[in-house]
Amino acid sequence: MVNVDTASRPPRAVRPGAAPRAAPGHRTRRVHGAPRLSGLLFTAPFLVGFALVFLVPFGYALYQSGFIERKSGSGFGRAVTEFVGFENYVRGLTDPVFWQATFRVVVFAVVQIPIMLLLALVMALLLDAVTGRKTRYFRLGLLIPYMIPLMVGSLIWLYLYSPRLGPLTDAGRQVGLEVDFFSVDLLWFSIGNLLTWGHVGFNMLILYSALRSVPRELFEAARIDGASELRIALSIKVPYVRGTLVLTGMLSIIGMLQIFAEPTVFRVTSPETVTSNFTPIMMIFNQAFKAGNYNYAAALSVILAIVVGAASALFYRLGNRTQS
Amino acid sequence: MTILAATGKDSDQPAASEPGPGAVRKQRRGQGDEPAVGVQVPRSSRILVLVGLVLFLIYSIAPVWWLLVSATKNEADLINTNGLWFAEFNLFDNLRQIFAYEDGIFLRWTLNSLLYAGVGSVVNTALALAAGYGLARFTFPGKKLILGLVIGSFLIPYAMLTLPLYLLFSKLGMVNTVWAVLIPTFISPFSVYLAKVYTEGAIPPELLEAARIDGAGEVRIFLQIVVRMVATGGATIFLLSFVASWNGFFLPMTMLQGAENWTMTLGIYNWLVQSMTNASASTDFTAIVIAGALLSVIPLAAVMLVMQRFWKSGVSLGAVKS
């Protein structure tokens with residue numbers, strides 16, 4: 001799926017698909033005397049669980065999405081489950097509430113992910129530019145948000161934003177700004193900042209590791225040629241970590257389209273702004289457990305899976321095209 | 001969403017680096033060295049770099065500082081005093097309220113979280129290392145299909161699996177038991193994928209051949225050679241799984257209705273809801289949400305600090321191969 005091999009190489013050497021094709025013959029060749037079924041036996045315990053936790057539920061979701069539970073008569077009679085083919089999908093594909101939620105998270109992802117990755121890249125470049133003991137302290141400090149559980153991070157910012165407890169609204173007032181972090185206009189900014197805070201350090205760490213594999217001699221050569229530090233960063237370091245950026249971006253997209261916990265926490269304080277169908281997963285959860293309509297929830301989750309797959313494939317294409 | 005890969009080896013270098021045209025041998029730079037004499041980085045840009053890093057550091061740490069300070073306050077002080085500095089010290093009173101709440105159910109949540117994340121991740125790592133080894137160093141019928149399924153499953157929204165799993169578990173009578181959270185934690189295709197990458201990087205096939213010629217059995221080769229050589233990668237898998245489980249919200253929220261099986265995350269979320277709705281209750285919910293949040297940081301931060309060297313030196317997407 002992902003050819004991240006590119007991350008470890010200078011951009012000139014990147015030809016998609018070139019390296020991996022040569023490798024497998026060497027890596028997966030049958031070793032001397034390896035009993036033929038041993039590999040399967042080592043994999044078997046995982047496979048049993050994988051079937052139970054992934055394949056069966058996946059099939060069950062597909063199966064369920066083909067049915068509708070109808071209450072017969074006045075609504076007190078026994079519910080009848082009948083096969084309806086694609087009716088749930090037609091309903092989902094034409095459900096404006098679902099598409100509003102999907103559109104919301106897609107727009108959010110398009111704005112949020114580049115900002116977060118750009119900050120992570122700047123942090124990684126800065127960290128790569130310091131030497132000695134300082135590197136360790138800064139790296140640890142910048143990773144502190146990653147050590148904070150997701151729920152706690154959400155709570156901290158929820159309170160920081162809150163006009164009752166938080167210092168941020170007061171600070172805004174002192175410079176003459178009346179800020180409501182939970183208003184319709186600012187809500188995504190507030191959630192975006194919370195996500196950036198929680199995830200930027202980790203993405204920085206991945207990019208930093210990629211930067212460390214750039215041959216140092218390149219920088220010295222550039223310095224002798226009179227290139228400024230900024231120029232070195234932009235022309236040598238950034239192209240080098242492009243493959244890593246594409247991959248972290250893709251993983252971020254998959255996560256962002258499925259955002260659930262953060263908006264759910266924000267819904268506690270502002271239920272009018274963060275509606276129960278605010279994001280696709282919130283709507284699916286709602287359909288399943290509040291409305292009790294598992295069949296429709298199953299169909300929606302299949303549609304969401306297709307959206308996620310299409311979005312990451314598109315991003316991967318675009319990311320690799322700019323590379324060549 | 002927190003996903004990464006790490007090299008199987010404990011180094012900053014990619015596992016399999018081929019020298020490109022004209023590339024010089026990569027050197028691992030030590031902690032303390034400076035750029036070569038004669039081409040010093042200008043002082044002004046060094047200062048700019050430090051200023052930038054300090055700003056990012058403040059952004060990263062200030063919210064945590066707020067949590068630390070606020071955990072020591074009662075509700076009145078939370079509202080009326082400066083959020084970034086201490087007021088009357090009420091931490092112990094808050095802690096007493098936390099552990100008194102419903103006969104100390106918070107302790108139960110703590111143990112539950114440790115059980116789900118700890119036991120769940122140990123099993124997750126063990127299954128992943130075995131499967132990763134099987135996929136990396138053997139050929140067998142159906143291997144391509146399995147690899148395809150493992151990688152394809154990254155794209156499936158977790159809600160699509162969790163809901164039918166809930167229905168299946170409820171038919172089996174497992175909903176609302178620890179198994180409903182543990183079993184899904186055991187299985188992670190991403191862990192398997194990482195384990196496969198680590199094994200490819202760390203275990204040369206020749207070594208396995210030699211061991212077989214010496215007459216070692218397959219199980220013994222795995223336990224005594226392979227597991228030791230991919231220990232660093234295994235630790236990274238464990239850590240990632242632990243963090244994911246500790247942060248889990250959708251899964252426990254779906255599976256667990258009774259408060260006695262909740263995680264810390266779920267319990268604190270519930271207190272937050274109560275703090276908004278039960279304003280007149282005898283418990284100071286806002287204060288215990290904040291102090292409880294601080295307590296739930298401790299186990300995760302402790303695990304991460306103890307295992308620091310695995311994520312700080314091993315992490316590199318450069319080693320991930322398709």
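Brief remarks follow.
- In the B-A interface, the accessible area buried, summed over both sides, Å² (probe 1.4 Å): 11600
- Amide hydrogen proximity for A:Val241: with H placed 1.01 Å from N in the peptide plane, no residue at 5 or more positions away or on another chain lies under 5 Å.
- Relative contact order for region A:88-323, counting Cα pairs under 8 Å that sit 6 or more residues apart, in percent: 29
- Spatial separation of Cα centroids for region A:106-133 and region B:95-172, in angstrom: 30
- Distant alpha-carbon pairs in region B:105-183 (separation over 21 angstrom), percent: 50
- By the equivalent-ellipsoid construction on the alpha carbon gyration tensor, region A:135-200 comes out with semi-axes of 25, 14, 11 Å, ordered largest to smallest.
- Burial ranking of peptide ranges B:92-100, B:116-124, A:41-49 (average Cβ count within 10 Å, highest at the top): B:116-124, A:41-49, B:92-100
- For the residues of A:198-207, the average number of beta carbons from a partner chain within 10 Å of their own beta carbon is 4.
- Heavy atoms of B:Phe154 accessible to a 1.4 Å probe, total area in Å² rounded to 10: 40
- Exercise: per-residue mean of other protein chain Cβ atoms within 10 Å, B:49-57: 6
- Radius, Kirkwood style, for region A:161-253 when every pair of distinct Cα atoms is counted (Å): 16.6
- Against the rule of thumb 2.2 N^0.38 Å, how large the Cα Rg of chain A comes out: 1.25
- Taking every alpha-carbon pair within region B:164-268, the share separated by more than 21 Å comes to 52 percent.
- Packing-based order for A:50-56, A:181-187, using average beta carbon neighbours within 10 Å, highest first: A:50-56, A:181-187
- Cα Rg, Dmax, region A:76-191, angstrom units: 22.4, 75
- Rounded D (µm²/s) - region B:103-319, Kirkwood Rh over Cα pairs, Stokes-Einstein at 37 °C, 0.692 mPa s: 169
- Heavy atoms of B:Val273 accessible to a 1.4 Å probe, total area in Å² rounded to 10: 50
- Computed on protein heavy atoms with a 1.4 Å probe, the accessible areas place B:Tyr133, B:Tyr269, B:Tyr158 in the order B:Tyr158, B:Tyr269, B:Tyr133, largest first.
- In region A:81-155, the chymotrypsin sites (Phe, Trp or Tyr not before Pro) that fall in loop regions by DSSP, at most 13 other Cβ within 10 Å: A:Phe86
- Bins of 10 Å, starting at 0 and running to the largest distance - Cα pair percent for region B:226-289: 19, 32, 24, 15, 7, 2
- Average beta-carbon neighbours from other chains, 10 Å sphere, peptide B:283-296: 2
- Computed 3J(HN,Hα) for region A:216-228, one whole-Hz value per residue from the Karplus formula 6.51 cos²θ - 1.76 cosθ + 1.60 where θ = phi - 60°, is 5, 4, 4, 5, 4, 4, 5, 5, 4, 6, x, 6, 6, glycine and proline marked x.
- Cα-Cα over 19 Å, subset of A:Lys71/B:Lys171; B:Lys144/B:Lys196; A:Lys237/B:Lys196: A:Lys71/B:Lys171; A:Lys237/B:Lys196
The values are calculated or read from the model by the stated rules, or taken from the named source; none is laboratory data. As the structure is a computational prediction, the values presented were derived from the model and not from experiment. A quick note on method: Cβ atoms are made from the backbone with ideal geometry, for glycine too, and the neighbour counts reach across all protein chains shown. These accessible areas exclude ligands, DNA and RNA; they are computed on the full protein's heavy atoms, side chains included. Shrake-Rupley method; radii C 1.70, N 1.55, O 1.52, S 1.80 Å.
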